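**Student:** Got a structure for you, written out below as structure tokens; questions coming shortly.
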Amino acid sequence: MGSMVSPLKWPDIIIRLTGSSNRINRMKISEEQLKSHNKKESEVHSRHFDEIAGRLDKNNLNIESLIQQLEQFQVTIPSWALGAGGTRFGRFSIGGEPATLGEKLDDVGLIHAMNRTSGAISLHIPWDIPDDMVAIREKADELDITFDAVNSNTFQDQKDQEYSYKYGSLCHTDKKIRVQAVEHNVQVIRYGEQLGSKAITVWLADGSNFPGQQNFRKAFERTRDSLEKIYRELPSDWKMLIEYKPYEPNFYSMVIPDWGTSFLLVSKLGDKAETLVDLGHHLPNTNIEQIVATLLLEHKLGGFHFNDSKYGDDDLTTGSVKPYQLFLIFNELVENIDHPDQPFSQIAWMIDASHNVKDPLEDLLQSVEAIQIAFARALLVDREQLEHARNANDVSLAQEVMQDAFRTDVRPLVAESRIRSGAAAHPLKLYRQLEVRKNLIKERGTETQATGL
């Protein structure tokens, strides 16, 4: 979680499709290609960077410290977001999707080589069970990728499972089904231990569609009891991250519908349990930044699933619809950045998105950059002036302080942090120049389909 990846270790990769007609080498990106890209961008980048650096210097902001924080910031890529997503109405393949876990690691390696900010992958079990654990770990090491939180799945019935989750899993009225769901989560922890992960994320689809269908109190008690059994199986240095969601797939009630219910559960479970905030798991117009502030205050903010939405859990590109909200969330995080009881570096930063009409790798590159931009803007907020405005109840000044930081074009700072890390000044531009998707289709074909929703 929040894993730090050394900018000095280069994945040994080249974009080159050679070899016999029966075997095509894996697509890779070389240091030379990145340097060539950065050289072409250097003149324009230097002009833009010098401009903002001069402005920040006049405001007595430590630009070197800011860039260093951006360099260290890592955002985990979810394995299930590397292929075409979909809705309950349809799924449209893009071609070149990763059909195996190894190919998913390759794709994360491509992203990380271009931005040096995506050095971890989050796996979903049973979609991503390694056939050869040693080989998968070696491959991850080769690509300079670590394994972040592992995710359990009791919202789908698998072909080989004995009992159905149609009417719930950890909350089910039938003890045999609850035991099955608990055992699955424990199995996910065991896989995670072998991979080097340090957390399990639990999201429940449990709930009801009709009034009277479920006893709310008993469903909660059964869920708590099941989570306690899973919690007892956590290694000493692990965390349990518990998500919440107000609706879907059940629409009358969800057993864990909001941050308060999640907070209640993690508080009862113990110090190793924390709440995970998915930006799409809120009713419209919810003040997510206030939720974040409260969880920080209580030292129970475990991490994020970043995405964006217009109506609900739309799983759109992070920052594409509500960039100001994303900035406000990071403003709360940065205000707490040095708090010893809730270390900023221990928060899990993960993307959770579904790509129905976009190239998923392009979408992920855009999402990571949007997160970096929000973080950089939050670092620019004049905390002293903001606190003065708040104490004086100067509402207009407080607004100006916030919007001055938000309106600052920090893209040159983000680009500079990438360049210093050995990444591309403009990852999406390089991705298209190298025709990555076209080459992935040549390598994998048009019929492959990644596991996941």
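**Student:** Looking only at the chain, where both bridge partners belong to it, what percent of the DSSP beta bridges are antiparallel (to the nearest 5)? Intermediate results must be reported in sequence, preceding the final value.
**Tutor:** Details: 5 of 28 bridges.
Of the beta bridges lying entirely in the chain, close to 20 percent run antiparallel.
**Student:** Let me ask something else. How high is the FRET efficiency between residue 449 and residue 337 when r is their beta carbon distance and R₀ equals 35 Å, given to the nearest 0.05?
**Tutor:** Result of the calculation: an efficiency of 0.30.
**Student:** List the chymotrypsin sites (Phe, Trp or Tyr not before Pro) within the range 281-343 that DSSP assigns to loop and that have no more than 13 neighbouring Cβ atoms inside 10 Å.
**Tutor:** 311
**Student:** Grab the DSSP H runs of the chain that are 4 residues or longer, score each as -39,500 (n - 2.57), total them, divide by all residues and round the 222 nm result to the nearest 500 deg cm²/dmol.
**Tutor:** Calculated at 222 nm, the ellipticity per residue is -14500 deg cm²/dmol.
**Student:** If the limit is 31 Å between Cα atoms, which of 139/176; 28/159; 39/358 go over it?
**Tutor:** From the list (139/176; 28/159; 39/358), the Cα-Cα distance tops 31 Å for 139/176; 28/159.
**Student:** I'm a student and want to see the number: the projected area of the Cα convex hull of the range 299-453, averaged over all directions, in nm².
**Tutor:** Averaged projected area of the range 299-453's Cα convex hull equals 12.0 nm².
**Student:** While we're on this one: I need 27, 402 ordered by Cβ neighbour count within 10 Å, fewest first.
**Tutor:** Taking fewest neighbouring Cβ atoms as first place, the list is 402, 27.
**Student:** If you don't mind, another one. Find how many whole Å separate the alpha carbon centroid of the range 376-430 from the alpha carbon centroid of the range 261-314.
**Tutor:** When both Cα centres are located, 23 Å separates them.
**Student:** Pull up all non-local amide H partners of residue 348: gap of 5 or more, or a different chain, and H-to-H distance under 5 Å with H placed in the peptide plane.
**Tutor:** Placed amide hydrogens put 303, 304 under 5 Å from residue 348.
**Student:** Right, something else. Could you pull out every whole DSSP H run in the chain that spans at least 20 Å of Cα extent along its own axis and averages 0.0 or higher on the Kyte-Doolittle scale?
**Tutor:** Details: long enough: 31-58 (36 Å, -1.70); 101-115 (21 Å, 0.13); 175-195 (30 Å, -0.54); 216-231 (22 Å, -1.18); 360-380 (30 Å, 0.85).
The answer, listed by residue number, is 101-115, 360-380.
**Student:** Applying 1/(1 + (r/R0)^6) with R0 = 56 Å to the Cβ-Cβ distance of residue 210 and residue 44, what FRET efficiency is obtained, to the nearest 0.05?
**Tutor:** 0.40
**Student:** As a test of the definition: which semi-axes, in Å, follow for the chain when you take the square root of five times each eigenvalue of its alpha carbon gyration tensor? Largest first, please.
**Tutor:** 35, 30, 19
**Student:** Go through the range 274-281 residue by residue and turn each phi into a ³J(HN,Hα) via Karplus (6.51, -1.76, 1.60, θ = phi - 60°); whole Hz please, and just put x for glycine and proline.
**Tutor:** 9, 8, 10, 9, 9, 4, x, 9
Every number here is computed from the coordinates shown, using simple stated rules; none is lab data. Fair warning: this is a prediction, and the values are worked out from it, not measured in the lab. Neighbour counts run over all protein chains shown; Cβ positions are idealised from the backbone, glycine included.
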